[in-house]
1. Please find, among GLU112, GLU42, GLU98, the residue that is surrounded by fewer than 17 Cβ atoms within 10 Å (Cβ to Cβ) and touching a helix residue (DSSP H, G or I) at 6+ places or on another chain (Cβ under 7 Å).
2. Is it true that ALA140 is over 29 Å from HIS68 (Cβ atoms), surrounded by fewer than 17 Cβ atoms within 10 Å (Cβ to Cβ) and touching a Leu at 6+ places or on another chain (Cβ under 9 Å)?
3. Please state which one of THR63, THR82, THR150 is hydroxyl-bearing (Ser, Thr, Tyr) and within 19 Å of the chain's Cα centre (by Cα).
4. Can you tell which of LYS96, LYS77, LYS54, LYS69 is more than 29 Å from HIS139 (Cα to Cα), of a type in the set (D, E, K, R) and under 19 Å from the mean Cα position of the chain (by Cα)?
5. Quick one: in the range 18-30, of everything that is part of a loop (DSSP other than H, G, I, E, B), surrounded by 11 or more Cβ atoms within 10 Å (Cβ to Cβ) and not small (Gly, Ala, Ser), which residue is modelled with the highest pLDDT?
6. What single numbered condition from (1) modelled with pLDDT under 95; (2) more than 17 Å from VAL38 (Cα to Cα) fails to hold for ASP94?
7. What tally of residues in the range 49-71 results from selecting those that are among the aliphatic types (A, V, I, L, M), farther than 26 Å from PRO124 by Cβ and surrounded by 10 or more Cβ atoms within 10 Å (Cβ to Cβ)?
8. Checking ASP109 against (1) charged (D, E, K, R); (2) in a strand (DSSP E or B); (3) closer than 15 Å to ASN27 by Cα: exactly one of these is not met. Which one?
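The values are calculated or read from the model by the stated rules, or taken from the named source; none is laboratory data. Everything numeric here is computed off the predicted structure, so don't read it as measured data. When we count neighbours, we look across all protein chains shown, and the Cβ atoms used for this are built from the backbone with ideal geometry, even at glycine.
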Amino acid sequence: MAVTYGRDKLTGTTKTQGDFNLANRFNLEIDGVQVGGVHSIEGFESETEVVEYKDGEGGVVQTRPGQHKPVVITITKDWSNTSEFYKWRKAVLDGKVERKSLSIIFHNDASEEAGRINLFNAWPISWTGPNLNARNSGHATEKLKISAETFELKAGG
């Protein structure tokens, strides 16, 4: 008698269900509006400064959490005749910081939302325009580096 196992029967020690999310199945929303042509979102890191101190005359240096550093990400997208990224950055240069909320939305194989990272009080640190090369047939891209004060991870489950 042959034994067959469906994916629903396979469970690992990590208790995951199904396949892991693919890195190319995501969307980006800024203030609830989907941004098209996004190639990559890089650099997501949550970090807290480490404060060192000595307690008494012991020879051991101890540590405690210090200030939380902002999350900084870089978004790369197709450059077109739209100027939303540039205008958002230009507002900062003009002294009118426009803080926005961003959502990085992960999709499963059925294109359903599998989770998201929400970033709050975000504003652009820098904008990089397209690099042009007459010997390259790829799309011109622009990059926006964004700082966000806080974030939350909403995973499915």
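1. Working: GLU112 fails: touching a helix residue (DSSP H, G or I) at 6+ places or on another chain (Cβ under 7 Å); GLU42 fails: touching a helix residue (DSSP H, G or I) at 6+ places or on another chain (Cβ under 7 Å).
After ruling out the rest, the residue left standing is GLU98.
2. So ALA140 passes the test.
3. Numbers: THR63 fails: within 19 Å of the chain's Cα centre (by Cα); THR82 fails: within 19 Å of the chain's Cα centre (by Cα).
Checking each option against the conditions leaves just THR150.
4. Result of the check over LYS96, LYS77, LYS54, LYS69: LYS69.
5. Filtering the range 18-30 down to residues part of a loop (DSSP other than H, G, I, E, B) leaves 18-25.
From what is left, the residues that are surrounded by 11 or more Cβ atoms within 10 Å (Cβ to Cβ) are 18, 21-22, 25.
Next, from what is left, pick out any that are not small (Gly, Ala, Ser): 21-22, 25.
Details: ASN21: 73, LEU22: 74, ARG25: 88.
Checking each candidate, the answer is ARG25.
6. (1)
7. Selection size over the range 49-71: 1.
8. Evaluating ASP109 over (1) charged (D, E, K, R); (2) in a strand (DSSP E or B); (3) closer than 15 Å to ASN27 by Cα leaves (2) as the failure.
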